[in-house]
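K.L.:
Structure below; questions to follow.
No lab work stands behind these numbers, since they all come straight from the coordinates. Being a predicted model, the structure only gives us computed values, none of them experimental. Note that we place each Cβ from the backbone using ideal geometry, even for glycine, and neighbour counts take in every protein chain shown.
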Amino acid sequence: MKSETPVVPKKYLAIFIMLTSCFALWGLLNNMTDNLVPSFQKIFMTSQSTAGFVQISFYGAYSVIAIFASLLIQKAGYRVGVLFGLAVYIIGALLYVPACVMQSFWTYIVGIFIVAGGCAVLETTCNPYVLALGDESTAVRRLNFAQMFNPLGSLAGIVLAQQLILANLNPATTEERLQMPKEALDKIVHHELFWVCVPYVGLCAIAMMIWFFFFLKKPTEIDHVSSDKTDIREILGILAHSPKWYCGVVAQVFYVGVQIAAWTWMNVYCQKELGVTPAQGASYYLIALCLFIGCRWICTFLMKYFEPARMMAVFAAGAILSSLGVMYLKSDVLFTVGNLPFSWNVISLCMMSGFMSLMFPTIYGLGLGGIDPKAHKLGAAGLIMAIVGGALLTPWMAAIIDKPGFWASLVPMFDSVVDQNLKASSQSLRASFIVPVICFAVVFIYAVMFRTRGGKGDTVSSRPSFSRSGDF
């Protein structure tokens, strides 16, 4: 009888299930954190630039932790990497409690950095861990299956943010808050920050269950310490002579940066252009993420017939056009679904997410495709470190929103009156979307530079087998 190789051998099934929970966990945290920017801007009455430190802290942690995590799993094994990542997350989430009591923005920023550090360790560990749980011939299918739970976690993160965080924001404007007695304002802020803490601290229970599972689980043969003695200088030499890799790192910085920046300011843009509430604004984010997930699955199927880099070039061009639509199309309401109004510019903003769907995994695959396997670990760490783009480009958009300056000349036909509650004008918000135009142009150039001659699929490594988060 012909036996089929199982995707996940029975002896590893429990480990695989718990690892897929980690995929969902960091997807949930990534997308829930995006909603803290408009929330903290309102609660702490800060500028958009200051509120943007949420993203600087969260995604900046990836640039610091990724290499450390790679060295950790090389010296201590996958199991220890998962235990360490979960422990770091729990410590960071519990720090939200004193931050709430003190009503301290910067204590939250420290907590967010620690939470993100835990996510970075988990991401760096769980992807290769899943690949190792079985036969090499089924590794890609195994990882793709695990990644199915990542966007489900992302959707849960948006719903939690909408129902627990955004829905509990007091509708009082900045001007009204400034006129309140200190005791009344403190009471409002404490209530709002309490509901910021609830989902993050509540998730500690799930994280601790996973932690105890791996703590009590005896190490298996795949939890070994690597004995690879390859000279680091040799690996760096391989990477230095791989333009597809180092150009891929650059492209990944711009892609991750634009994804995080565009999603971060999406809520504020919809509030300003359509006059919706923060909770309604989160609904547009949910729609955008559904488009993102749906297009990713469609793209995965189409890559059986079309070369990934060429598809990415087409999608990058579509994303550029969508960004220009966000900048220049009017906000006249075309139709309403439920209580959500839609205009051409907001439709363009949602469509942008669909065009982004295949970019992270395709850049990841193209960047590692064809290089010496000895350089895969360090090369992969470099591509994960590129997530720092979220910490670099989100502040750039925030700076344009706060002080558009030269950039305002790109959209002179729109209103420049600043909404004191949102700390932004229609003109400054629209002008800030020149950043996505530039970022998608970089991705387009990378795709064109490294496309292959011939029409059909590239190597397996260039298909979307790996993905970050919340997205990516």
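K.L.:
Which ³J(HN,Hα) values in Hz, rounded to whole numbers, follow from the phi angles of segment 248-260 under the Karplus curve 6.51 cos²θ - 1.76 cosθ + 1.60, where θ = phi - 60° and Gly and Pro get x?
P.N.:
Result, rounded to whole Hz: x, 4, 4, 4, 5, 4, 5, 5, 4, x, 6, 4, 5.
K.L.:
Right, here's the next one. Estimate the FRET efficiency between SER47 and ALA167 by the formula 1/(1 + (r/R0)^6), using the beta-carbon distance for r and 35 Å for R0, to the nearest 0.05.
P.N.:
With R0 = 35 Å, the Cβ-Cβ based efficiency is 0.90.
K.L.:
For segment 297-353, what does the alpha-carbon gyration tensor say about shape, rounded, prolate or oblate, given a ≥ b ≥ c as the root eigenvalues, a/c under 1.5 as rounded, and a/b over b/c as prolate?
P.N.:
The shape class here is oblate.
K.L.:
Next question. Can you give the Rg/Rh ratio of the chain, where Rg is from the C-alpha atoms and Rh is the Kirkwood radius?
P.N.:
Taking Rg over the Kirkwood Rh, I get 0.97.
K.L.:
Nearest 0.05, what FRET efficiency do ALA87 and LEU152 give at R0 = 25 Å with Cβ-Cβ as r?
P.N.:
After rounding, the FRET efficiency stands at 0.55.
K.L.:
Going down the list LYS10/LYS304; LYS10/LYS374; LYS42/LYS272; LYS75/LYS244, which pairs span over 26 Å between their C-alpha atoms?
P.N.:
LYS10/LYS304; LYS10/LYS374; LYS75/LYS244
K.L.:
Using Cα centres only, tell me the gap between segment 291-345 and segment 148-166 in whole Å.
P.N.:
21 Å
K.L.:
Then there is this: Can you tell me what the convex hull of the Cα atoms of segment 1-130 projects to on average, as an area in nm²?
P.N.:
That works out to 9.6 nm², a quarter of the Cα hull's surface.
K.L.:
Under the rule a/c < 1.5 gives rounded, and otherwise a/b versus b/c splits prolate from oblate, where does segment 11-219 land using the Cα gyration tensor?
P.N.:
prolate
K.L.:
Let me ask you something else. Distance in nm between label sites at PHE335 and LEU302, each 7 Å beyond Cα in the beta-carbon direction?
P.N.:
Label-label distance for PHE335 and LEU302, simple model: 2.3 nm.
K.L.:
Quick check: the angle from helix 308-328's long axis to the longest principal axis of the chain, C-alpha only, nearest 10 degrees?
P.N.:
Helix 308-328 and the main axis of the chain meet at about 10 degrees.
K.L.:
Continuing with this model, one more query. Starting from the Cα-Cα distance between LEU324 and PHE212, subtract it from 0.36 nm times their residue separation and give me the gain in nm to one decimal.
P.N.:
35.4 nm
K.L.:
Please give the FRET efficiency for ALA441 paired with GLU234, using the beta carbon to beta carbon distance and R0 = 30 Å, rounded to the nearest 0.05.
P.N.:
The formula returns an efficiency of 0.30 here.
K.L.:
Can you give me the Kirkwood hydrodynamic radius for segment 232-472, using every pair of distinct Cα atoms, in Å to one decimal?
P.N.:
18.5 Å
K.L.:
At 7 Å along Cα-to-Cβ for each site, give me the label-to-label distance between VAL110 and VAL159 in nm.
P.N.:
My value for the distance between the label points is 3.5 nm.
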